[in-house]
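Notes follow once the structure below has been shown.
The values are calculated or read from the model by the stated rules, or taken from the named source; none is laboratory data. Just so you know, these numbers come straight off a predicted model, no measurement behind them. Glycine also receives a Cβ, built like all others from the backbone with ideal geometry; neighbour counts cover every protein chain displayed.
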Amino acid sequence: ALSIDLALGGKGLPRGRIIEIFGNESSGKTTLALHAIAEAQRAGGVAAFIDVEHALDPGWAKRLGVDLEGLLVSQPSYAEEALKITEMLVKSNAVDIIVIDSVAALVPKAEVDGEIGESHVGLQARLMSQALRILTPVVSKTKTCVIFINQIRQKIGVMFGNPETTAGGLALRFYSSVRIEVKKTQTIKTGDETVGAEVKVRVVKNKVAPPFRVATVDLMHDSGISLEGDLVNMALEDKVIDKSGNWLLYGDVKLGNGKENAKTYLKENKELAEEIRRKILEKRGVLGGGSPEENGKLTDSASAKMETPSKAEPAPAPTPSRRGRAASSATEG
């Protein structure tokens, strides 16, 4: 989504960096990562999904725009296997974006082979620390975008301050160039039926742009992140569209009675939606009035853009030895 692009600094997720997306259960972490994969694939990139949780829903991924036939999927049995596969994919220089879902599910082999109740204190944290020391320089060299999805845990005995932390130790916090917190704030209803949720995306760490920016998006149960809902939210905030009672107005154009109707209207009128998008970017000083593609290729993507040798030539097909691959990304939320 455009708001997530701007929260990340205007160009989306950076290449050659490690990203952490964390939050509570069912907050939209995997959905955000799948949107990133879909945009990378649309740009001609190669994507991989390391399904450590063994919970990837192909039908949902397809609805979000993921090309399942072109997606590399692995379902490893334990942490060492998952991290070794990640290392091999990064070193191959043939993959543009890799998603590991999730850190909390990375169970060390010693724990898998042991008995329930046995203690393995700090084993997962040590494993993550070692893996990230190896991965970070290779990721930087091959310009791969590596996304770790993580879960929130509660610290025991914390009386003051924030009791929340993330699984897998502190190494991922240190090595991540971008850390994104995803949190549900309220439900979206049509009558009595819950059709989605309003989700707050907060960039709590960013080494490539100013941190602590926030984006609010509509996560719909049938289609993922609503681009039209994102436009409505930002247009209202920037006063590009006005509100009269419950009606949303763009100049003399009535977008709809209520936000959901306005979203439907924009979905059916793509040219008007693009015009509103340009107005938002102009208001925020991102564009000088041209289209997103003419101004630094800022698009609604969450992953890497493919570099082309020239405007007349298509991007080369990815090969293990290919070095020039997707350029800096822009997130699709």
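Hey, any hits in segment 196-217 for a residue that's among the charged types (D, E, K, R), over 20 Å from Pro14 (Cα atoms), touching a residue at least 24 places away in the same chain (Cβ under 8 Å) and not in a loop (DSSP other than H, G, I, E, B)? No, segment 196-217 contains no residue that is among the charged types (D, E, K, R), over 20 Å from Pro14 (Cα atoms), touching a residue at least 24 places away in the same chain (Cβ under 8 Å) and not in a loop (DSSP other than H, G, I, E, B). For Thr142, the conditions (1) of a type outside the set (A, V, I, L, M, F, W, C); (2) under 23 Å from Ala48 (Cβ atoms); (3) loosely packed, with under 15 Cβ neighbours inside 10 Å all hold with the exception of (3). One residue is enough: does segment 85-100 have a residue meeting the conditions surrounded by fewer than 17 Cβ atoms within 10 Å (Cβ to Cβ), at pLDDT 95 or above and either assigned by the TED database to the domain that holds Ile21 or among the aliphatic types (A, V, I, L, M) (or both)? Scanning segment 85-100 turns up at least one residue that is surrounded by fewer than 17 Cβ atoms within 10 Å (Cβ to Cβ), at pLDDT 95 or above and either assigned by the TED database to the domain that holds Ile21 or among the aliphatic types (A, V, I, L, M) (or both). For Arg173, indicate whether it is at pLDDT 95 or above, basic (Lys, Arg) and more than 20 Å from Val52 (Cα to Cα). No: the conditions fail for Arg173. Criterion first (surrounded by fewer than 17 Cβ atoms within 10 Å (Cβ to Cβ), in the same structural domain as Pro14 (by the TED database) and within 21 Å of Asn150 (Cβ to Cβ)) does Glu69 satisfy it? For Glu69, the condition - surrounded by fewer than 17 Cβ atoms within 10 Å (Cβ to Cβ), in the same structural domain as Pro14 (by the TED database) and within 21 Å of Asn150 (Cβ to Cβ) - is not met.
If we keep just the residues of segment 236-259 that are of a type in the set (D, E, K, R) and assigned to a strand (DSSP E or B), which is nearest to Arg284 (Cα to Cα)? Filtering segment 236-259 for residues that are of a type in the set (D, E, K, R) and assigned to a strand (DSSP E or B), the one nearest to Arg284 (Cα to Cα) comes out as Asp242.
Within segment 147-172, the set of residues being in contact with a Ser or Thr (Cβ under 7 Å, 6 or more places away or on another chain) and either in a strand (DSSP E or B) or of a type in the set (Lys, Arg) (or both) comprises Ile149, Asn150, Gln151, Ile152, Arg153, Lys155.
Among residues of segment 151-164 that are within 24 Å of Lys184 (Cα to Cα), those with a beta-carbon under 6 Å from a residue that is of a type in the set (Val, Ile, Thr) at least six positions away or on a different chain give the pairs Arg153/Thr165; Lys155/Thr165; Glu164/Ile152. Within segment 108-130, none of the residues are under 30 Å from Arg42 (Cβ atoms) and either touching a residue at least 60 places away in the same chain (Cβ under 8 Å) or in contact with a helix residue (DSSP H, G or I) (Cβ under 9 Å, 6 or more places away or on another chain) (or both).
Just the residues that are touching a Lys or Arg at 6+ places or on another chain (Cβ under 9 Å) and either aromatic (Phe, Trp, Tyr) or not in a helix (DSSP H, G or I) (or both), please, taken from segment 221-235. Across segment 221-235, the qualifying residues are Asp222, Ser223, Gly224, Ser226.
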